[in-house]
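For reference, the structure discussed in these notes is given below.
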Amino acid sequence: MAKKVSINHKRKQVPEWIFPWRPLGQASFPKVFAILSVGGFFAFFLTSVRIRVAPPSTWAARKASVIQVTDDVEGQALTLRAQEGGPFPSRFEPSGWEGLAALEQTALDAVRGTRPPYVPVLRSLPEEKGIPPVELAAKGEAVLPRRSATVAPGPAPVKLKLSPVLLPLSGIPPAAMPHELPPFEGALDAATSAEPWRFLVRLDSAGHVQDCVSLAGGNEAGPPPLETWLRRVSFQPEPAKPSRWIAVGVGFTNQPADGTDAR
């Protein structure tokens with residue numbers, strides 16, 4: 001019967017080339033001491049350290065003040081003072097005016113006037129005349145054109161002068177422009193005739209000019225000769241409108257000096 005060999009004896013007889021998976025002879029006290037030390041420090045900090053979280057403080061209270069202003073003299077004064085003394089002073093903006101849209105539409109309607117359709121007038125063709133026969137020249141004779149002995153007199157020179165004419169701009173259709181204009185009394189120089197004159201005219205119900213303001217060139221009242229001449233122009237009456245404003249332009253054209261035929 002073989003003798004029984006203990007485990008410890010087998011372990012001691014293990015060759016060196018076999019790796020010791022479980023080292024023997026190590027003390028367990030260092031491991032236990034490390035575990036106890038770490039657990040003690042953790043328990044100490046857990047029971048002694050207190051973290052206090054405070055709510056964030058507000059920078060400013062959320063509140064505002066409202067001043068109710070009534071529509072009286074004192075309220076209007078306070079409103080005007082607030083607008084003028086604020087960081088952005090108020091000013092008049094033409095785009096914010098309530099009557100701007102109506103004024104633009106009126107000007108566009110006046111310019112966009114429909115003209116009557118063009119209807120050509122038919123005329124009869126002149127009677128065809130036959131080609132006159134060609135006269136044959138005699139042999140050996142030269143044919144020369146006949147020279148007219150009389151010379152037709154040229155047209156008599158017509159003396160012209162510069163006269164103003166009216167052009168519709170706004171508030172009046174072309175068909176309502178006056179057909180007869182009064183004669184212009186005065187002289188027009190080159191500087192005056194070169195300016196694009198525009199006038200704002202106020203008419204009464206009978207079509208007479210009440211006020212006349214120059215919109216371009218000269219001073220605000222306009223040159224006296226043109227203004228005086230424009231005040232004598234008579235427009236078509238409109239009894240339904242006691243007062244109306246129109247805008248007209250004044251151009252210049254050559255007219256015979258011995259008559260008034262301005263159109």
| remark: When Asp204 is run through (1) at pLDDT 85 or above; (2) acidic (Asp, Glu); (3) open to solvent by 40 Å² or more (accessible area, probe 1.4 Å), the failure sits at (3)
| field | Check on Glu84, at pLDDT below 80 and either in a helix (DSSP H, G or I) or open to solvent by 70 Å² or more (accessible area, probe 1.4 Å) (or both) | value | yes
| said: Whether any residue in region 88-96 is open to solvent by 100 Å² or more (accessible area, probe 1.4 Å), under 48 Å from the mean Cα position of the chain (by Cα), more than 30 Å from Pro196 (Cβ to Cβ) and at pLDDT 80 or above is what I want to check. | reply: no
| Take the residues of region 100-140 that are more than 22 Å from Met177 (Cβ to Cβ) and basic (Lys, Arg): which is modelled with the highest pLDDT? | Arg123
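The values are calculated or read from the model by the stated rules, or taken from the named source; none is laboratory data. In this text the structure is predicted, and so the values were computed from the model without any measurement. We place every Cβ from the backbone using ideal geometry, glycine too, and count neighbours over all the protein chains shown. For accessibility, only protein heavy atoms count, side chains too; no ligands or nucleic acids. Shrake-Rupley method; radii C 1.70, N 1.55, O 1.52, S 1.80 Å.
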